[in-house]
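Inspection log for the structure reproduced underneath, given as structure tokens.
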Amino acid sequence: MDHKIALELLESYAFGTLDDAERAAVEAHLLTRCAECLARLRDVSELSVKLAQAVPHVEVPARTKARLFERIHSTHHPAKATRPSGRLRLAWSTAAVSTAAALFLVWQTTALRREVSETNRLLASTVAETGRMRTELSSYRAEVEKYKGAMMLGEPGVRFVSLDGMEPNRESFGSVVTKPDKSAGMLYVYRFPMAPEGKEYQLWGLREGLPPVSVGMFSVDPNGTAMLNMKSIPESTHIVGFAVTIEPKGGMPQPTGMMYVKGMDPMEEGEG
């Protein structure tokens, strides 16, 4: 699966709203150890279910892989032995041939044992790492199931709006997850700076041709993450996107501070 597509589907994957083919494709992409996708998945898990950090990436040395593939190729496609000439055969004694064959066998056996040992080590490491990754993903999906009942995140038509960081806070990002009719939802934000004293973050619903409407206030934890439960979204039928700004504590009727993240509902763009 293309990296950009996998990145866009991560929230849907986490909440279990992908079909079997999409879910399998995302998991296959994650198992390639894509750094950006794994980092984002870990950010989501830290906020919602506080999972342990993923295991470190173990890179197989290129020279080792090349050596293993060469060994496998030579095993399945052995070179044809060259038949010695009659004169040379007569020159060799039976003892010399036996000694040479024995030495070659010892060398070959030793080399093969080293390769087998290295192969087994690499296979064990890969299997263990893959197993840990699958366990982590399964645990995360199981934890997220706890939220589905209250949020109805598993029902058809659930909406996901990705919020991208704005200058000068490009590292900040988030997601808004709403019910199909946008009447309620959840906001998740990550990598936000702590708000200065007397300030809070304010979520806005963006309306086409109309001023933004306030949806709620929130603060982030020391890790820069937060979750806002939007039990009721005002003017939900007119909202086409969301944005977050920094405002005086208690909020403002309209945005006045710096915008940190913003995103448009792709379903609204498709319907427009």
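Test of understanding: extend the Cα→C-beta vector of Ala39 to 7 Å, then name every residue of the stretch 222-242 with backbone N under 17 Å from that spot.
The answer is 223-225, whose backbone nitrogens lie closer than 17 Å to the label point.
For a quick protection proxy, order the peptides 178-185, 201-208 by their average other-Cβ count within 10 Å, most packed first.
Values: 178-185: 18.4, 201-208: 20.6.
So the order, starting with the most tightly packed, is 201-208, 178-185.
Around Val215, what is the net charge, scoring Lys/Arg as +1 and Asp/Glu as -1 over all other residues with Cβ under 11 Å from its Cβ?
Spelling it out: positives minus negatives among the neighbours equals +1.
Values quoted throughout were computed directly from the atomic coordinates according to the rules given, and no laboratory measurement underlies them. Here the structure is a predicted model, which is why all the values come from computation and not from measurement. Here Cβ is always computed from backbone atoms with ideal geometry, including for glycine, and neighbour counts include all displayed protein chains.
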